[in-house]
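J.: Pasting a structure here, questions to come.
The values are calculated or read from the model by the stated rules, or taken from the named source; none is laboratory data. All values derive from a computational prediction rather than experimental measurement. So basically every Cβ, Gly included, is an ideal-geometry build from the backbone, and we count neighbours across all protein chains shown.
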């Protein structure tokens, strides 16, 4: 097997590297002093010009007389992140990571490697969590720059227990990947799994953490996301607190959290910011939305194709009325509308924001109305399909809401073949599939099966915060308690008698 | 690597089998809602020893119409299910019975025995237990013909209304089959008629001996039957004349029945606690009157009416009240034949009615 | 023949509650009143109650039989009868489990055909359901347990919603006179109705896969008590809702009873009931078929995948073979009889033999 790496020539000295890299137009090789044959080389595209100018070239040029060896140069340089290196392979890699090298042309075996990577070039400044927005609570999200992301994490979990572990993946992209975890809380098992899976990974271009997600997931033949990707800092911090690990990937504003259970995908940070009654209510609304979204259209198809008896007598008239001119069976009708909605969604995602909004309205109202008037679909179905599309967007994580939208299609087909029986059969297969899934070796349906009643304090219902003082047992954390509740806070005053 | 290969093969096999299933299934079994004739009511008549069946169904032609024209199938056959066959010969669509609201049959048909009909209705799981059986005083086809002028399910809602707020005891396919298969009770089925103005009126119930119609009860008697057999859902009005010849209308709102059997003396005691509303203006009557005299009078009146009904039923040897059931529950060696031959004709009924006038309306 | 499964295949004790409920569930709950009414008349609930209590006793016997050194029926057989005879007996038991699953499977298909899809072919529905069963059972015992756990309480939930409605039509007088049943009738009713509780004997196979076998007894008994409660409630309500004649004349009285429910948004609840029941019978069948595969794996080391495909093939062929209701009735009779003798004669017999052997051993040991 020929890999891209093996096409690189073998570098004998630094001049070889310079010669090879100079083929690329963004590579600079400047001579600082022709007397000493002192040179500096770097990729323009990667380095911060200011660092080169202020911290490297100026001090060297000012003290040119005193210099005779590399060690002396190192002493002169005002920055710490320098290293003398003579390993050509390492040098060639570090240049690619944004370092600049200082060397004597006539002694091209060793050089000083100075980290001069730019931290601002090419990155967006703004870091709003746009795709997982919340009305209240912090809106800060990750950005493409991994250093910024690490800083954000470190700031929200300011403890020495938070450890970052750096790795390089992608044989061509050489992307920096960081595993973050809380030492003393996380079970070593998952950490090893993550390390091993990332290490064994062989893929050339890792351009986003979602790709990494697919490459290290337990089972890729499933519509369900097994690892939780998030752009919210608070969500990642919450996962870390619970004994999960977070994988950050350079160039990606999304962090991967693992291991996960299916219920994690229905948790919104807002659940914890609102009073527990409201938080629980909204969470249950979300589960209701999922059920509705998956089953509403299949039920329509099943009932209208096979089970007329189920329809109440008073609704019989309106339903038949709305369908009487539609020439297709309910299956075609439903698929037609569902696919229109998917078109709209897909187009909305591709188009610029403002055009997308307009298109949504045009599509939703005009196309829907026209389809009903042209007797392509019934208006009752239109309502059902629109509502179930709406309900699918209540899921707070994007990947899961995609999954939920997908799931109804097989169910629609099953319902059209075997009616209610097909629908129930589909649901059974769905549950079996979820039971068989695992995320980093943890059962995907976790607090429900295997049953952990203690974890349910933060499952379907969110209990008041003092009651969620235990980490999820399913993640087998090393320390179970998050904090200790010493006596509930009580109002000492008697409410009935205060004057 | 091999395991992945296996998995792929397996997946392919699954998908293959799935598509084969779709092929096998075809689409002949679908009953798409607008491609079936949804029968709303069925009617049975007896003509020249042949069963004449009539069925009404709605026709949907244009969308969003106020009311739908409905049509009738008619056909003749020797059996009650035989009529379906010729219904389906008359239409391009499949016949669907699952929304059947009511089944009518004429008195003639009922006198000839309805065990066949009940058996067939029960054996079809599509037919709801809540659908009603109705005896029509005119021929069933006339009744259905007339009902074409009304909204769908009008007949069953008229009956439903009179069961809830009127004098008809609760009756549907389930209760009728219950009584039919029960050893110690006879069937009763509500009756319906069209008056001169073409309006539907419920007029009492028909009482069966075994499977044949034996006796008809008028509205007042059927209210008494309702008091005797129904447990819930009382909202019936009852009119009676007081001793000083005043017409009074009362409304029975609740009924607490308690029955007791004395086998040795062949004696049955029914105790009723009725709560009633006085619908008449209360100022006509003094408080003392209401408390003592009027209450007594209503009690006596109801008692005599109930006794009369029970005696009438006894005389005709029909038992829609379920006296036989009471005896069966109390006697370990109860025999149906023996009871109705020997015990029932000589039974003695004791009735204790306790009336409580709860309210006299808003006017004082 | 020591039998210690890997730690990762073991499920916790608590799940036996759901496994046991699921293994008893089946099509029985939909139509057991028919036979009961024929034999016991208004005293049906007493018969159900006494069957339940007898099942508790048998459960106790099973726990006595399965002890540490031989913790499933195959090991017990080998222990008592030697390798050859023991294996033959185990194979016979596997045939019983297989036919029990065929019975549940075929009966459900019959109900679906009569109730909802008169024109659908058994072949087609059979293939659909067998694919599901394959998918579940091939996932191993943990997946089967998971399915049992998720769907075990479906009947209770359905009944909780639906049993209120028939109460309007209940005649309490139907239950009197109490204890009017003659002893022969009682025995006949007991014998013919006892199969409604069968399926719990799969415990003989999956016992080693429980984390702490001995202490699972508590949960198993709760499961049986719970089932007794459920069956008795359903019996009481259906015997007061229907007259005896009506019960004798209908095939699936529970469904008939549900037909009375009329809600503003659902006219007929019984359809929902029939379809949801798929989620009730699938765990039952899966558990039985898993037991069959387990027996062959333990006896002859046959790979579960192979035995699973073969048993599903047999289920499919027999389902197609039973092509009318009368054959189904015949088949039911044989399965019922087999189950009756297995539970009420064979298990006590094994128990007696085992106790006898233990006493002999002890005497020998003490003597020597």
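J.: Hey, among A:67, A:102, which residue is surrounded by 14 or more Cβ atoms within 10 Å (Cβ to Cβ), at pLDDT below 80 and not assigned by TED's automatic domain parsing to the domain that holds residue A:167?
T.: A:67
J.: While we're looking at this one, here's another question. Please pick out the residue among A:428, A:435 that is assigned to a helix (DSSP H, G or I), more than 30 Å from residue C:114 (Cα to Cα) and facing chain C (nearest Cβ under 7 Å).
T.: A:435
J.: For the list (1) part of a helix (DSSP H, G or I); (2) out of contact with any strand residue (DSSP E or B) (no Cβ under 6 Å at 6 or more places or on another chain); (3) away from chain B (no Cβ under 14 Å), I need the number of the one condition that residue C:216 fails.
T.: (2)
J.: For segment A:354-383, give me each residue that is in a loop (DSSP other than H, G, I, E, B) and either at pLDDT below 85 or in contact with a helix residue (DSSP H, G or I) (Cβ under 8 Å, 6 or more places away or on another chain) (or both).
T.: A:375, A:376, A:377, A:378
J.: Going through A:60, A:52 one at a time, which residue ends up being in a helix (DSSP H, G or I) and in contact (Cβ under 8 Å) with a residue 60 or more places away in the chain?
T.: The match here is A:52.
J.: Tally the residues that are in a loop (DSSP other than H, G, I, E, B), under 26 Å from the mean Cα position of the chain (by Cα) and more than 8 Å from chain B (Cβ to nearest Cβ), restricting the search to segment C:237-291.
T.: 3
J.: Here's another thing I want to ask about it. Applying the selection to segment B:307-324, what residues are touching a helix residue (DSSP H, G or I) at 6+ places or on another chain (Cβ under 6 Å) and either modelled with pLDDT under 90 or under 20 Å from residue B:177 (Cβ atoms) (or both)?
T.: Within segment B:307-324, B:321, B:324 qualify.
J.: Can residue A:396 be described as outside the structural domain of residue A:230 (by TED's automatic domain parsing) and outside any helix (DSSP H, G or I)?
T.: Spelling it out, residue A:396 is indeed outside the structural domain of residue A:230 (by TED's automatic domain parsing) and outside any helix (DSSP H, G or I).
J.: If you take the residues of segment A:408-417 that are buried (at least 22 other Cβ atoms within 10 Å of the Cβ) and touching a residue at least 60 places away in the same chain (Cβ under 8 Å), which of them is farthest from the other protein chains (Cβ to nearest Cβ)?
T.: Going through the qualifying residues, I end up with A:408.
J.: Output the residue which, of all residues in segment A:284-315 that are in contact with a helix residue (DSSP H, G or I) (Cβ under 8 Å, 6 or more places away or on another chain), more than 21 Å from residue A:376 (Cβ to Cβ) and at the interface with another protein chain (Cβ under 8 Å from one of its Cβ atoms), is surrounded by the most Cβ atoms within 10 Å (Cβ to Cβ).
T.: A:306
J.: If I filter segment B:172-198 down to residues being free of Cβ contacts under 8 Å to residues at least 40 places away in the same chain and within 11 Å of chain C (Cβ to nearest Cβ), which single residue comes out as surrounded by the most Cβ atoms within 10 Å (Cβ to Cβ)?
T.: Result: B:178.
J.: For segment C:24-143, which fully contained helices (runs of 4 or more DSSP H) count at least 3 residues that are within 14 Å of chain B (Cβ to nearest Cβ) and out of contact with any strand residue (DSSP E or B) (no Cβ under 6 Å at 6 or more places or on another chain)?
T.: In segment C:24-143, C:33-40, C:83-115, C:122-137 are the helices (runs of 4 or more DSSP H) which contain 3 or more residues that are within 14 Å of chain B (Cβ to nearest Cβ) and out of contact with any strand residue (DSSP E or B) (no Cβ under 6 Å at 6 or more places or on another chain).
J.: May I ask you to verify whether residue B:258 is closer than 25 Å to residue B:163 by Cβ, loosely packed, with under 13 Cβ neighbours inside 10 Å and in the same structural domain as residue B:294 (by TED's automatic domain parsing)?
T.: Yes: the conditions hold for residue B:258.
J.: Then there is this: Please tell me if residue A:467 is at pLDDT below 85, within 14 Å of chain C (Cβ to nearest Cβ) and over 27 Å from the mean Cα position of the chain (by Cα).
T.: So residue A:467 fails the test.
J.: For a quick check of your reading: which helices (runs of 4 or more DSSP H) sit entirely within segment A:64-181 and have at least 2 residues that are over 26 Å from residue A:202 (Cβ atoms) and touching a strand residue (DSSP E or B) at 6+ places or on another chain (Cβ under 8 Å)?
T.: Because the criterion is at least 2 residues that are over 26 Å from residue A:202 (Cβ atoms) and touching a strand residue (DSSP E or B) at 6+ places or on another chain (Cβ under 8 Å), the helices (runs of 4 or more DSSP H) in segment A:64-181 that meet it are A:70-76, A:146-156.
J.: Something else about it: Taking segment A:8-59 as the region of interest, how many residues are modelled with pLDDT under 80 and either touching a strand residue (DSSP E or B) at 6+ places or on another chain (Cβ under 8 Å) or outside the structural domain of residue A:94 (by TED's automatic domain parsing) (or both)?
T.: Here the count works out to 1.
J.: Are there helices (runs of 4 or more DSSP H) fully within segment B:120-234 with at least 2 residues that are at pLDDT below 85? List them.
T.: It comes to B:140-147, B:154-165.
J.: Hey, any hits in segment C:192-200 for a residue that's within 13 Å of chain B (Cβ to nearest Cβ), on the phi < 0 side of the Ramachandran plot and assigned to a helix (DSSP H, G or I)?
T.: Looking through segment C:192-200, none of the residues is within 13 Å of chain B (Cβ to nearest Cβ), on the phi < 0 side of the Ramachandran plot and assigned to a helix (DSSP H, G or I).
J.: Output yes when any residue across segment C:182-205 is within 27 Å of residue C:281 (Cα to Cα), over 20 Å from the mean Cα position of the chain (by Cα) and surrounded by 19 or more Cβ atoms within 10 Å (Cβ to Cβ), and no when none is.
T.: no
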